[in-house]
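Enquirer: Right, I'll just put the structure down here and ask away after.
Values quoted throughout were computed directly from the atomic coordinates according to the rules given, and no laboratory measurement underlies them. Note that the structure is predicted; figures quoted are calculated from it, not measured. Heads up, the Cβs are rebuilt from the backbone with ideal geometry, glycines too, and the neighbour counts pull from every protein chain shown.
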Amino acid sequence: MEYDNIETFINDCLKSIATNNLEMKRQSIQEQITILDQGETSDPGKYKSLLEELNRINSEIGRRHTGKEGSP
């Protein structure tokens, strides 16, 4: 990629880093949910909290892919 504007380049790099961080968080949460699913003891509060966080992250990733980062 070539950029005529260094500021645009930097902003694109920062957006990419933020999206990658969200992807890593999503993977970690999915792994935690899998562990809870396979466990003998259940923690409904923790499970619900992880699902809510997963939904929030999925929404944010979706907004980033559609270019609507500022949308609620």
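Enquirer: Using the crude model of +1 on Lys and Arg Cβ and -1 on Asp and Glu Cβ, and no other charge, please compute the dipole size for the chain relative to its Cα centre, in debye to 20.
Expert: Numbers: 9 positive and 13 negative charges, 51 e Å.
The calculation lands at about 240 debye.
Enquirer: Sum -39500 (n - 2.57) across every DSSP H segment of at least 4 residues in the chain, then divide by the residue count to get the 222 nm mean residue ellipticity, nearest 500. Please report the intermediate quantities before stating the final value.
Expert: On the way: 2 runs with 56 residues, N = 72.
Here the helix-only value at 222 nm equals -28000 deg cm²/dmol.
Enquirer: Using alpha carbons only, how many degrees (0 to 90, rounded to 10) separate the axis of helix 6-38 from the longest principal axis of the chain?
Expert: Once rounded, the angle reads 10 degrees.
Enquirer: Can you compute the equivalent ellipsoid semi-axes for the chain, i.e. the square root of 5 times each eigenvalue of the Cα gyration tensor, sorted largest first and rounded to whole Å?
Expert: Numbers: eigenvalues 228, 31, 10 Å².
Values for the chain, descending: 34, 12, 7 Å.
Enquirer: Mind checking the angle between helix 44-66 and the chain's longest principal axis? C-alpha axes, 0 to 90 degrees, to the nearest 10.
Expert: 20 degrees
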